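Reviewing the structure listed below.
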Amino acid sequence: MGQEANGDFSDIAEGNVRFVADFSGQETPGLPARNLLLLTCMDCRIVPHEALGASIGDMKVMRNGGAQLNPNMVSDLIVANNVLNCDRILIMPHTRCGMAAATVESVRAAVEQNTGVDASDYHPSVVEHQLEKLRVDVESLRSNPMIKPNTVVQGAMYDVDTGQIEFIEI
Ligand SMILES: [Zn+2]
């Protein structure tokens, strides 16, 4: 009959059992109490709610490699902003980001080595200049006509060595 449903995720299942035992989020609304949406990187060193002093129900979080705005992210941000009360949007990449250290060539080489496929048509979304990308993304969102006019869009860098956030003037 194959594996148990939790397969190699037994550590995760056990962690959830402990979480459920202390769970107190039953009455939490789905709209963010602090009207905040965070777009940050998938990096495992960033624990968003802890880093921003937030609790369950406080903010929405979107993540990808490099905290990058892209068409899918923009589409969801328009929903979050217009339907889900996210009037503050913080885009937060971080120091020592793997997406900034990698190159298209290095990622393709890894894919080819791991899988044996030809990865020459694969275009990983690496970040060449982090601050420039952040600036472009913040400005692009601020000028997006489908984002409500009173929305505050801000950029910040998260330092994975200190936990400190530096807001970037854009
Ligand atoms: Zn990263």
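Any residue in region 135-154 that is surrounded by 13 or more Cβ atoms within 10 Å (Cβ to Cβ), farther than 20 Å from D58 by Cα and touching an Asp or Glu at 6+ places or on another chain (Cβ under 6 Å)?
So far as region 135-154 goes, no, none of its residues is surrounded by 13 or more Cβ atoms within 10 Å (Cβ to Cβ), farther than 20 Å from D58 by Cα and touching an Asp or Glu at 6+ places or on another chain (Cβ under 6 Å).
Sort through P29, P71 and tell me the only one that's loosely packed, with under 15 Cβ neighbours inside 10 Å, over 25 Å from I165 (Cβ atoms) and touching a Gly at 6+ places or on another chain (Cβ under 7 Å).
Only one candidate qualifies: P29.
Report whether or not G53 is exposed (fewer than 10 other Cβ atoms within 10 Å of the Cβ), more than 18 Å from the chain's Cα centre (by Cα) and modelled with pLDDT of 95 or more.
The answer is no for G53.
Say we look at region 26-48 and pick out the residues that are closer than 22 Å to S143 by Cα and either polar (S, T, N, Q) or in a helix (DSSP H, G or I) (or both); which of these is farthest from the ligand (Cβ to nearest atom)?
Selected residue: N35.
Any residue at all in region 49-61 that's within 16 Å of the ligand (Cβ to nearest atom), part of a loop (DSSP other than H, G, I, E, B) and in contact (Cβ under 8 Å) with a residue 60 or more places away in the chain?
So far as region 49-61 goes, no, none of its residues is within 16 Å of the ligand (Cβ to nearest atom), part of a loop (DSSP other than H, G, I, E, B) and in contact (Cβ under 8 Å) with a residue 60 or more places away in the chain.
The values are calculated or read from the model by the stated rules, or taken from the named source; none is laboratory data. Note that this is a predicted model, so its numbers are computed, not measured. Virtual Cβ from ideal backbone geometry, glycine too; neighbours counted across all protein chains shown.
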